[in-house]
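All remarks here apply to the structure that follows.
Read-outs throughout are calculated quantities, based only on the coordinates presented, and are distinct from any laboratory measurement. For clarity, every value in this text was computed on a predicted model and none was experimentally measured. Note that each Cβ is placed from the backbone with ideal geometry, even for glycine, and that neighbours are counted across all protein chains shown.
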Amino acid sequence: MKTILRALLVSGAACASLLAQAADGIAFITNLKGEVTVDGAPRPMLMSELAKGQKIAVGKDSQLAVMYIQSGKEYVLKVPGDYTVGEREIASVSGVPPAARETAWRASSQVLVKVAQTSSASIRMRSFAPAKADTKPRLEFPAHGAVMQLQPTFRWTTPDAKAPAEVALYLAGKEDKPLSKAKVSGTSHRFPAKLQPDTEYAWTVAVSGREIGAARFRTLPAGTIQDAEKRRPPEKAEFSDRLMYALLLQEIGAAQEAQEAWAKLAQERTDLPELASLAK
């Protein structure tokens, strides 16, 4: 119980600090490991914003990465020491000056605040309500919102994963005439033809002649998709680049694909509960 209360207090304090700094935030945390404090408070939240003048302390065998919102410049603090958030750079008070790298990323303060608040709230709820396996029949992906994939793999859940299923795809509002149909064994299917950008679709799945669900989604505009594809980092890119890509997916409205990106990062970094909470 003490551990749970401590986690709640830390995440609650971090969220309150985030709200207080949001208006003045000029940089944000893109990675952290080990013992790190901001203005004396331990364990800052991943993606929380930092304001000019804030004091950072990095302990032994620890690390903090900070990216400036306007410039996209990232500073990596690996050496134990004390630092100050300057208007355009991280200044070293004691210890070796941090390494810096230029990036093409530009973060949205609104998205940062929204993501950090969602993460903090989810962490608090999970402390009291552990996730339970859900085998209720449902459509999983794409089930709502926008997607950037024009040839997505449709996925659903049924108690019997090997039961024959019929998948049908429609233009939204024209469910009387399917664009494509397929009979498959399993819980996923990829139609051979690509979808059109900036178009709303509907799809259904029936198992043993009984519909288990229907969902609608919209493909993103072609320009948005092309830009996101150009910015997709390789699998072995820096952690912060892959985190920024997940934020980009969140910003353009591809919420489900962002969840999948958060899930991959969470598997890699089990020490960052913020990632696991965003993957839910």
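Which shape class applies to segment 23-110: rounded if a/c is under 1.5, otherwise prolate when a/b exceeds b/c and oblate if not, where a ≥ b ≥ c are the square roots of the Cα gyration tensor eigenvalues? It comes out prolate by the Cα gyration axes. Tell me which label goes with the value of percent of Cα pairs over 34 Å apart computed from the coordinates here: [x] 39; [y] 25; [z] 31. Label of the calculated value: [z]. Between Val184, Val111, Val76, the GNM of the chain built on Cα springs shorter than 10 angstrom shows Val184 fluctuating the most. Only bridges whose two residues both fall in the chain count here: according to DSSP, what percent of them are antiparallel, nearest 5? Percent antiparallel among DSSP bridges in the chain is about 95. Sort segment 233-278 into rounded, prolate or oblate with this rule: let a ≥ b ≥ c be the square roots of the eigenvalues of the Cα gyration tensor; rounded if a/c is under 1.5, and if a/c is not under 1.5, prolate when a/b is larger than b/c, oblate otherwise. Cα axes put segment 233-278 in the oblate bin. With neighbour counts taken as other beta-carbon atoms within 10 Å, the residues Glu211, Glu102, Glu35 rank, fewest first, as Glu102, Glu211, Glu35.
Residue ranges 253-261, 195-203, 234-242, 43-51 sort as 43-51, 253-261, 195-203, 234-242 when ordered by packing (mean number of other C-beta atoms within 10 Å per residue, highest first).
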